[in-house]
1. What FRET efficiency would be calculated for the residue pair T206, S149, taking the C-beta separation as r and a Förster radius of 45 Å, to the nearest 0.05?
2. Roughly what percent of Cα-Cα pairs across segment 19-99 reach past 14 Å?
3. Tally up the carbon and sulfur contribution to the accessible surface of segment 1-116 as a whole percent, 1.4 Å probe, everything protein left in place.
4. Please give the residues of segment 370-401, grouped as numeric ranges, whose backbone N is less than 18 Å from a label point set 7 Å along the Cα-to-Cβ vector of T354.
5. Taking the Cβ of P276 as the centre, find all other residues whose Cβ is under 12 Å away and add up their charges (Lys, Arg: +1; Asp, Glu: -1).
6. Please label the shape of segment 239-338 as rounded, prolate or oblate, based on the square roots a ≥ b ≥ c of the eigenvalues of the alpha-carbon gyration tensor (a/c under 1.5 means rounded; beyond that, a/b larger than b/c means prolate, else oblate).
7. Starting from 0.36 nm per residue, how many nanometres of slack lie between R297 and S63 once their C-alpha separation is accounted for?
8. Kindly state, to the nearest 0.05, the FRET efficiency for V424 paired with R26, given R0 = 35 Å and r defined as their beta-carbon distance.
Amino acid sequence: MTTFVDRVELHVAAGNGGHGCASVHREKFKPLGGPDGGNGGRGGDVILVVDQSVTTLLDYHHSPHRKATNGQPGEGGNRAGKDGRDLVLPVPDGTVVLDGQGHVLADLVGQGTTFVAGQGGRGGLGNAALASARRKAPGFALLGEPGESRDVVLELKTVADVALVGYPSAGKSSLISVLSAAKPKIADYPFTTLVPNLGVVTAGSTVYTIADVPGLIPGASQGKGLGLEFLRHVERCSVLVHVLDTATLESDRDPLSDLDVIEAELKQYGGLDDRPRVVVLNKIDIPDGLDLAEMIRPELEARGYRIFEVSAVARTGLKELSYALAGIVGEARAAKPVEEATRIVIRPKAVDDTGFTVVQEDDGLFRVRGEKPERWVRQTDFNNDEAVGYLADRLNRLGVETELMKAGARAGDGVAIGPEENAVVFDWEPTVMAGAEMLGRRGEDHRLDEPRPAAQRRREREAERDEAQREYDTFDPFQ
């Protein structure tokens, strides 16, 4: 059964915002109580948080679909809807968040580091919040905005100071078990280590972490064996330790060729050329291993490596190795730039920045893109004429109609607001700003009225009655 997972694809969906409420206050002796519809609640966010107690992405491997709760709709009596609860997902320290194209969205290092993977939708405004001097009793409310949904890839890169690399059965797991308190599974056959093991080493006043990376073989950087899955775990390390088996039983292997193969794989993987290297000749407790270590030591020193002869079984040479690694780690930490407090940078928008764009496409369609116009469209109830008229007013105030005219749009031309896969398309008719005299009954907008014969006949009959009443009132029988 899988117990360690360091790469998963996660499908997150933030909560939708609650719809606003269109309501009018009703109370005895107060026939015109005014609008009292409350606002909808905000949808919950999906938040990734670094938790030191979490060491694997196994939970998300079994349950990759995660969704936050929706905001509640507003109610009458100026009662706002309840906000949706944020969904907090704990992830291991060193988790990298990527989008579907492989672009890095966040690198989560350090306890408590957070990243909002899905933004909750805004709640819609109720008609109480939409009331104005021109629109005293709106017959509509804004819809809640849908929450953000997307797929992200989580990759775990171990946060360690020292990485032990080498062939399978070179003794890496044994070495980490005697240098630290870690208790990895140890056996004498290839690929025993199926997960990176992490241990803490104390050498004098220096405390550092050491990672046992699963064994590498030729072709690991191209995906052969298990190496490619775990090479990412050496990227954050300050020093690489080559663990060479001086008592290998395989006739076609020797420590120097093993070192050349591992270095070739690290070079092909890339990004590790600047890391200092240390060579550990392991298993010198075996007579043949000690003889071979003494034979190859001059060659390794000629290449510029620092050499340590150790035996994880006999526990010889470990103290010198641990203090040497502590010194290298200390130098790497001192060379790092001092972290400064994050400064808040405010970049005001340019005066001529309208916040949207108008582009005429090849088929003659004019497409409007921008955060505000697209959000206003999503929040509009197109079954309500007054809500559509309110949207037209907002777009006009933003300057969309002016930009359409500059782009060459004429009455009747097609206009789309939003991306191709989810756009609202309509035939453009230039409008004028509406005053209070343009508003009819709640939920209606006279600019969107179509000819209605029944209503026209009713108005004609009412006009005839009014004319007859005036003639009757002014009739003088004595004239």
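1. Using R0 = 45 Å, I get an efficiency of 0.45.
2. Cα-Cα pairs in segment 19-99 separated by more than 14 Å: 72 percent.
3. Ligands and nucleic acids excluded, carbon and sulfur give 51 percent.
4. Within reach of a label on T354: 370-377, 391-401.
5. With Lys, Arg at +1 and Asp, Glu at -1, the neighbours total -1.
6. Taking the square roots of the gyration eigenvalues as a ≥ b ≥ c, segment 239-338 is oblate.
7. That pair, R297 and S63, stretches by 79.2 nm at full extension.
8. Result of the calculation: an efficiency of 0.55.
The values are calculated or read from the model by the stated rules, or taken from the named source; none is laboratory data. Keep in mind the model is a prediction, meaning the values are calculated, not measured. Note: ideal-geometry Cβ built from the backbone for every residue, glycine included; neighbour counts use all protein chains shown. The protein model used for the area step is the full one, side chains on, heavy atoms only, and it has no ligands, DNA or RNA in it. Shrake-Rupley method; radii C 1.70, N 1.55, O 1.52, S 1.80 Å.
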